[in-house]
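What follows is calculated from the coordinates using simple rules that are stated; it is not laboratory data. Since we're looking at a predicted model, the values are computed, not measured. Neighbour counts are summed over all protein chains in view; Cβ atoms, including those assigned to glycine, are modelled from backbone coordinates with ideal geometry.
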Amino acid sequence: MAEHGIAGTADAGALLSRLVRLDAAALVRLRPAAAGRIELWCRVPWGVLVGRTVAGRQVEVAGDEPTTGAGPAGSSAAGSAPAGSAGGSDATVLAAELLARLEAGAPQLPVRRDADWRWALPPSGARTVEELPVGELRRVSAAAQEALRAAAAHGVRGRAVGQRALRDALLDHVPIVVAPAAAGAAPVQVPQRLVQAVTRMGFLGADRPGADDRVLVRVAGGWTGLLAPYGVAWLAPVGPFTLRPRTGAEESR
């Protein structure tokens with residue numbers, strides 16, 4: 001049986017445990033990074049891709065190992081690599097199953113579910129357009145949570161509003177706008193869903209008095225990202241016919 005190759009089990013476990021609490025059926029994609037590193041990519045229920053690079057070694061994953069899932073329409077049969085796959089040690093598994101293996105100290109990779117991975121990864125060539133203090137992201141996140149509690153308790157302008165409508169409006173709100181560096185360029189909008197991704201996944205780290213940690217606002221081919229001290233969150237560009245699918249975990253929150 002193939003091995004997952006993860007050596008940074010504490011870092012990987014921190015990511016996976018938070019993800020599984022948000023969505024018990026979430027997937028995680030393992031991809032080779034620089035020497036001695038592995039990228040872990042996941043998708044949180046509100047449509048943001050999150051990633052963290054951990055210590056590990058590249059292991060070969062046979063391309064014909066069994067996988068599950070019918071795959072998207074038009075995809076090849078089970079066992080094929082996901083879209084954008086680099087092959088080799090690129091594999092997708094259930095986050096809960098990988099977490100269980102790490103907690104048990106087991107090196108084996110869980111059953112692959114490559115055909116179930118449906119999302120593109122951000123393109124290369126990202127550039128930084130702004131640096132923000134970690135404390136500012138904490139403030140924005142806390143303000144959003146307080147606004148949600150107040151609206152749930154007292155309504156909006158005296159009218160009761162459903163929890164899902166409140167959450168959707170909150171996630172679509174744009175609390176951070178980066179002014180364009182060049183004349184005629186569009187500003188970079190950072191929606192609340194990105195802020196919530198880095199905070200809920202623990203990417204900001206512990207709140208340490210006097211710390212001067214920064215979060216980088218990044219852009220790449222229409223994608224917008226936040227690179228935090230312990231991970232990255234990316235939001236894909238939304239086209240005219242793009243839908244944000246809901247998961248069971250999102251419906252239950």
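Before moving on, here are some points about what is shown:
- Note on region 127-235: the alpha carbon radius of gyration divided by the globular reference 2.2 N^0.38 Å gives 1.16.
- In this calculation the C-beta distance from ALA179 to SER124 is compared with R0 = 25 Å, giving a FRET efficiency of 0.50.
- Least to most buried among ARG118, ARG29, ARG21 (fewest other Cβ within 10 Å first): ARG21, ARG118, ARG29
- Using a Förster distance of 41 Å, the FRET efficiency for ARG138-ALA7 (Cβ separation, nearest 0.05): 0.85
- Placing a pseudo-label 7 Å from each Cα along the Cα-to-Cβ vector at ARG57 and ARG214 gives an inter-label distance of 3.6 nm.
- Region 31-39 - phi-based ³J(HN,Hα) in whole Hz, Karplus 6.51/-1.76/1.60, Gly and Pro as x: 9, x, 10, 5, 3, x, 9, 10, 8
- Efficiency of FRET from Cβ geometry, ALA100 and ARG149, R₀ 35 Å, rounded to 0.05: 0.55
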